[in-house]
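To keep things clear, I will list the structure first and then write my remarks on it.
The values are calculated or read from the model by the stated rules, or taken from the named source; none is laboratory data. Just so you know, these numbers come straight off a predicted model, no measurement behind them. Methodologically, a virtual Cβ is constructed for each residue, glycine included, from the backbone with ideal geometry; neighbour enumeration extends over all protein chains shown. When the accessible area is computed, the model is the full protein with side chains, heavy atoms only, and any ligands, DNA or RNA have been set aside. Shrake-Rupley method; radii C 1.70, N 1.55, O 1.52, S 1.80 Å.
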Amino acid sequence: RRIFERHIPQSQQNRTEQRKRTHTHTHTAMTIVKGNRKGRKRDRELRRLVVICGSTICFIAFFFFYTRHGNGNDSDTTTPRKTSQVSSSRHMLFGSSFVAAAAEVEINMDGSHVMGVNRLKGATTEQKRKLDKSNPILQKLNTKKDAFLSDGKEPKEEDDDIIKEKLPTDDADPIGDDASLGTDDDFIGDDFFIPIDAKPTLKYGTAWKKEKTTQLVRMAITHGFRHVDTACQPKHYNEAAVGEGWKLAASDLGLVREDIWLQTKYTSVSGQDPNNIPYNPHAALSEQVRQSVAKSLSNLQTTYIDSLVMHGMENSWDKTLEVYRTMEEFVDDGTVRQIGISNCYQLDALKYLYENARIKPKVVQNRFYRDANYDIKIRQFCQERGIEYQSFWTLTAPGNREAWYSNANVAHYAASKKLSTANIFYAFVLQLGISPLDGSTNEDHIEEDVLLMKRIRNGEQILDVEEMRSIATSLGFSLEDFAPHLTFQR
């Protein structure tokens, strides 16, 4: 190597060393540049993440502020609620009709109706009217009563207190000096109550009331309800709280057991919470029924049950008839006054049960909705045999909701009759001979529903034939097809 290097010219050696040094410097520089590029990329990603997070937080904060304070009123914490209040006081011109948005929307969870909350707790009727007249939007709406069209929201399943907009057509305090569902005197000191023998009638439903069951049952009975529905099914009902509620109301009003009508249900193991079954699930089927009835008597603080219902058929006819015949034994000894069946949507099955029953069912309680064709044939069968057809999911089922909530005709009927649109649909169902379960958790709505029953019991026909026909058409049927067991005349 020394010999070879000796023969390389000095200038060439210098160039070789220079190239080596240059290569080393270039490699170091590229490494630094690459490092800087990665750093800048990380900075860009970090800034982007900060912007996204900040925007999301701002949006959430704005959303909560708007939904809670958009109407300028504090939320009503005195009424049990399950979700939020959505407020707005805007309206728009749509063709020749005004579409009024909600002054305040309530969403609860149990199956009754909705009411705009213009009504102030503790305010007199005159104060409420002054408030209405001081609102320019309400004054403008008052001039267009017949043009209102509800704009619906999606309700919670099985909720009787779903959204009802603040409209003169469906509010307990309609707009205008002459429009009023009633004065304060109608609610204070009014001793009207729904008679025990009333059929069809509204019955107070207690599903999903949980720890508020006692308070709500007491409230419902205090305002005039006398029929209460529950079940020996801790998964969805607080049966013991129903017992506490009716006892407290009876004490308040000076009532006795015979003044209250109590209905409960036997629910099979498949419908129970496996961790909270109110009887021995390993016992014989007939013994399960006996233990369930004994538990219901204890929970309801009573010596007898007015109506005992099989919550659903078993998975075979032998088991179904075993349950039913055990229930018949309780009618024989006077522990139960009548028996029935729930969630039975096949007419042939109902006929078979009826034909094989020694004590005929007096109740069929079903979900009233489009997918079951509104039980047209089953209702006709019940009507012909004196069986009371009870409905649940009456207001909130898909199809039903649109028929009363976003129906311009129903809004017009409500305005002319000084009722809420939900009450109009209840009146429609009652005039078909159906007894709806009413699970309202709102005291104003409970008052309205009892007043509806008062008007019906006083002999008022809320809807005429053409109005009935209009609502039936909105459900997808002619009135004659919808209720073939009834005779209608123009």
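Things worth noting here:
- Evaluating residue 455 against the criteria (1) within 19 Å of the chain's Cα centre (by Cα); (2) modelled with pLDDT of 95 or more leaves one unmet condition, (1).
- Residues that are assigned to a loop (DSSP other than H, G, I, E, B) and modelled with pLDDT of 90 or more are absent from segment 169-184.
- Total residues in segment 452-481, condition open to solvent by 30 Å² or more (accessible area, probe 1.4 Å) and either of a type outside the set (Val, Ile, Thr) or under 20 Å from residue 224 (Cα atoms) (or both): 17
- Residue count for segment 370-379, restricted to those that are buried (at least 20 other Cβ atoms within 10 Å of the Cβ) and on the phi > 0 side of the Ramachandran plot: 2
Rundown of residues vs (1) in a loop (DSSP other than H, G, I, E, B); (2) within 21 Å of residue 235 (Cβ to Cβ); (3) modelled with pLDDT of 95 or more; (4) touching a helix residue (DSSP H, G or I) at 6+ places or on another chain (Cβ under 6 Å), yes/no style:
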| site | (1), (2), (3), (4) |
| --- | --- |
| 255 | yes, no, yes, no |
| 258 | no, no, yes, no |
| 262 | no, yes, yes, no |
| 274 | yes, yes, yes, no |
| 279 | yes, yes, yes, yes |
| 283 | yes, yes, yes, no |
| 286 | no, no, yes, yes |
| 308 | no, yes, yes, yes |
| 313 | yes, yes, yes, yes |
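Residues are listed down the side, and each one gets a yes or a no for (1) touching a Phe, Trp or Tyr at 6+ places or on another chain (Cβ under 6 Å); (2) part of a loop (DSSP other than H, G, I, E, B); (3) surrounded by 20 or more Cβ atoms within 10 Å (Cβ to Cβ); (4) β-branched (Val, Ile, Thr):
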residue: 359; (1), (2), (3), (4): no, yes, no, yes
residue: 366; (1), (2), (3), (4): no, no, yes, no
residue: 381; (1), (2), (3), (4): no, no, no, no
residue: 389; (1), (2), (3), (4): no, no, yes, no
residue: 394; (1), (2), (3), (4): yes, yes, yes, yes
residue: 415; (1), (2), (3), (4): no, no, yes, no
residue: 419; (1), (2), (3), (4): no, yes, yes, no
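- Condition check for residue 437: open to solvent by 10 Å² or more (accessible area, probe 1.4 Å), part of a helix (DSSP H, G or I), within 21 Å of residue 306 (Cβ to Cβ) and out of contact with any helix residue (DSSP H, G or I) (no Cβ under 6 Å at 6 or more places or on another chain): no
- In segment 228-247, the condition of being outside any strand (DSSP E or B) and aromatic (Phe, Trp, Tyr) is met by at least one residue.
- The residues on offer are 340, 334, 312, and the sole one that is under 28 Å from residue 250 (Cβ atoms) and buried (at least 16 other Cβ atoms within 10 Å of the Cβ) is 340.
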